[in-house]
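To start, the structure itself, in structure tokens.
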Amino acid sequence: MNRKRLLHIDTSARLTGSDSRRLSAQFVRQWVDNHPEYQVMERDLVSKPLPHLDDAMLAAMMSPPEQHTPEMTRIADRINLLIDEFLSADAVVLGVPMYNLGIPSTLKAYIDHIVMAGRTFAYTDKGAVGLVPDKPVFIITARGGMHSGASTDQQAPYLQTLFNFLGIKQVNFIHSEGLNMGDEMRSQGIESAQAEIGRYAA
């Protein structure tokens, strides 16, 4: 059997008791049950955090390999490993809690590694063009309040734009909302997300 790859990325700062971790793990289980040709690649951006963008990383990304110092080579190797992993995936699922209306900084650090000119996008005379072949991306959010379609949602618009920029059009959101708004709202938010997971993972 020709194995396909599902890249599972967790970003919650909470290693236990995290709704986004629990829901993304449920998605992975159901996806593999329904698509046995897939193998799962796990990347936890909290237990194995990535450095945030800094001067050394920019220098490694923007200079040719023959000019790299040993430190720059190590940085470039880390970047290329993450890009290769992302490109090799046939589908991606992310567990993304909402922190202060946006994405976790761990996820932003990851994005700053994989968004690289010449690898995942290119500048042309008509502007930037995504180089990543289209693939399904499933983003499972966990939110204390109700934010879908509101100006307070700084997660979905950013991630939608980001993946579109790279060339990915199949961006799917599964929101669990109202998780801190009492037991009834929490139950509704979890149940709604679980139903969507079942639909997308089928």
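The values are calculated or read from the model by the stated rules, or taken from the named source; none is laboratory data. These numbers come from a predicted model, not from an experiment. Cβ placement follows ideal geometry from the backbone for every residue including glycine, while neighbour counts extend to all protein chains displayed. Just so you know, the surface numbers come from the protein's heavy atoms only, side chains and all, with ligands and any DNA or RNA stripped out. Shrake-Rupley method; radii C 1.70, N 1.55, O 1.52, S 1.80 Å.
Laid out as a table, the results:
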| quantity | calculated |
| --- | --- |
| The chain: most fluctuating residue of Pro64, Pro133, Pro104 per GNM, C-alpha cutoff 10 Å | Pro64 |
| Order of exposure, largest accessible area first, which applies to Leu81, Leu23 with probe 1.4 Å | Leu81, Leu23 |
| C-alpha long axis of helix 105-114 to longest principal axis of the chain, angle in ° | 40 |
| Length released on extending from Val129 to Arg78, taking residue separation times 0.36 nm less the Cα-Cα span | 16.0 nm |
| Surface accessible to a 1.4 Å probe, His68 within the full protein complex, Å² | 40 |
| Crossing angle, helix 70-88 versus the chain [Cα axis fit, 0-90 degrees, rounded to tens] | 50 |
| Within the accessible area of the chain (1.4 Å probe), percent carbon and sulfur | 53 |
| On Cα atoms only, tilt of 183-201 relative to the major axis of the chain in degrees | 60 |
| Cα gyration tensor shape for segment 125-202, rounded if a/c is under 1.5, else prolate or oblate | oblate |
| Stretchable slack from Asp44 to Asn180, in nm (0.36 nm times residue separation minus alpha-carbon distance) | 46.5 nm |
| Length gained when the stretch Glu85-Glu37 is fully extended (0.36 nm per residue, less Cα-Cα span) | 15.5 nm |
| Unit charges at the beta carbon, dipole of the chain: most positive-side option, Ile114, Ile9, Ala60 | Ile9 |
| Helical mean residue ellipticity (222 nm; -39500 (n - 2.57) per DSSP H run of 4+; nearest 500) of the chain | -13000 deg cm²/dmol |
| Reachable lysines from Lys4, criterion Cα separation under 29 angstrom, eight or more residues apart if same chain | Lys48, Lys108, Lys135, Lys169 |
| Average accessible area per residue (Å²) across the chain - probe 1.4 Å, nucleic acids and ligands excluded | 50 |
| Alpha-carbon centroid distance for the pair segment 111-131 / segment 1-72, whole angstrom | 19 |
| Estimated distance in nm for a label pair at Lys169 and Leu58, the labels positioned 7 Å out from Cα along Cα-to-Cβ | 3.5 |
